Amino acid sequence: MKKSILLCTLLIALTACESKKEAINETIKEQEIALDFVQAQKIFELPVHCLTTEYPNKLGQTIGSAADLKTPKQLRPVFYGCFDWHSAVHGYWSIIKLMKEFPEIDKNHEVRKLLEQHITQENIAVEMAFFKDKNNLNFERTYGWAWLFKLQEALNTWDDADAKRWSATLQPLTDLLIERYEVYLPKLNYPIRTGTHDNTAFGLSLSLDYARSAKNNKFEQLIVLHAKRLFSNDKNCNLAFEPSGHDFLSPCLEEALLMSKILESTAYKKWLSDFLPALLKKDFALEVGVVSDRTDGHLVHLDGVNFSRAAALYKIADKLPELQYIRKIADEHLSYSLKNITNDDYMGSHWLGTFALYALDAKHAH
């Protein structure tokens, strides 16, 4: 009997040790993918380099006449670099966010001087003229719009004299795109569920963050109203069909993330049990998106899907603490693609740093 008791005690102690060991290992893993200065500097260098890289460039515009045949910098004197307009915009967001968190990252103020040269009233007026062109009223709808809102949010919340000036300078363009959203959303009978730029849920999610941060109640109510209209009755989203060959967003998880922001916890759990029931099971599994060629501008999107999936999973777990097990899956996605953030090939480097930062921010936001 005494031997049995001793054996049981020993087993309990060993189990406790193993649990403690696992907890320590998990803590180490968390530390390995934290946003420290070294990682921040690595991400920072990518948009800093590409903000003034005019070519190659994907203009994405509709040509109305020969007068529209201008260089990227002539057309968009603020957001002309980084291959396309939206990548330039979220490149600015990355820079501003990192300068806020790590002031020493721009110790010589060289990047600050660059921003001062770019974000001027004259340049913003040219950007707005492009958006007001009748041939380009839908330009960057809604992906680029949403990233501009995130940039405005970052500037609005930075207690810095230059940032306050840049924020005021940018605001008219932001206000113009809010007006575009007010016209667009009531006409949108069906959400766009792609895994790329047009995804409705992703655009609404970033836009909602801005609306709440700016205390723009009218804009917030517009987004919440139409998000509920478009997504409240959705059921059985099929993650087995994801990702597509060039996705950088998960249609299922982006929708789940958006709804986590507009429903209270009990209602959200009920909605999620209908929409993604597998997510509520502790054996939930999701393989990372595997990239076969990082020089291919479309195939490298799958690094992006790993980052955006990770961000969504972290935030969903924050909403429902009982789902902490999905954070491990988020870590796996983040770790797989974070090591691939380099400046080796422009097709990935011009945008992936932003998505890595977006995922890291979500990981440590709770």
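Details
- Summing Lys and Arg as +1 and Asp and Glu as -1 over all other residues whose Cβ lies under 15 Å from the Cβ of Lys73 gives a net charge of -2.
- Net dipole in debye of the chain [+1 Lys, Arg Cβ; -1 Asp, Glu Cβ; about Cα centre; nearest 20]: 1000 debye
- The HN-Hα couplings worked out from phi for the range 237-245 by the Karplus form 6.51 cos²θ - 1.76 cosθ + 1.60 (θ = phi - 60°) are 5, 9, 5, 5, 8, 10, x, 6, x Hz, whole numbers, x standing for Gly and Pro.
- Qualifying aspartates and glutamates (Cα of each under 15 Å from Cα of Lys269; at least 8 residues distant if same chain): Asp234, Glu255, Asp318, Glu322
- Note on surface exposure: Arg165, Arg76, Arg294 rank Arg165, Arg294, Arg76 by accessible area, highest first, 1.4 Å probe.
- Those aspartates and glutamates that a straight Cα-Cα span of less than 15 Å connects to Lys215, excepting residues fewer than 8 apart in one chain: Glu153, Asp175
- Inter-centroid distance (Cα atoms) of the range 56-80 relative to the range 312-364, Å: 32 Å
- Cross-link check: pairs Lys132/Lys218; Lys187/Lys228; Lys315/Lys363; Lys107/Lys339 evaluated at a Cα-Cα cut-off of 19 Å; pairs beyond the cut-off: Lys132/Lys218; Lys107/Lys339.
- Sites Ile63 and Asn138, calculated FRET efficiency, Cβ-Cβ separation with R0 22 Å, nearest 0.05: 0.90
- Within the chain, helix-based [θ] at 222 nm, where runs of 4 or more DSSP H residues each add -39,500 (n - 2.57), nearest 500: -20000 deg cm²/dmol
- In this structure, Thr194 and Ala365 have a Cβ-Cβ separation that, at R0 = 25 Å, corresponds to a calculated FRET efficiency of about 0.45.
- Relative to the current alpha-carbon distance between Lys235 and Asp36, full extension at 0.36 nm per residue lengthens the span by 67.7 nm.
- Here the range 124-240 is assigned +1 on the Cβ of each Lys and Arg and -1 on the Cβ of each Asp and Glu. Its dipole about the Cα centre then comes out at about 460 debye.
The values are calculated or read from the model by the stated rules, or taken from the named source; none is laboratory data. This one's a predicted model, so the numbers in the text were calculated from it and none came from an experiment. For neighbour counting, all protein chains shown are included, and Cβ atoms are generated from backbone atoms with ideal geometry for every residue, glycine included. Accessible surface is based on the protein model in full, side chains and every heavy atom, while ligands, DNA and RNA are left aside. Shrake-Rupley method; radii C 1.70, N 1.55, O 1.52, S 1.80 Å.
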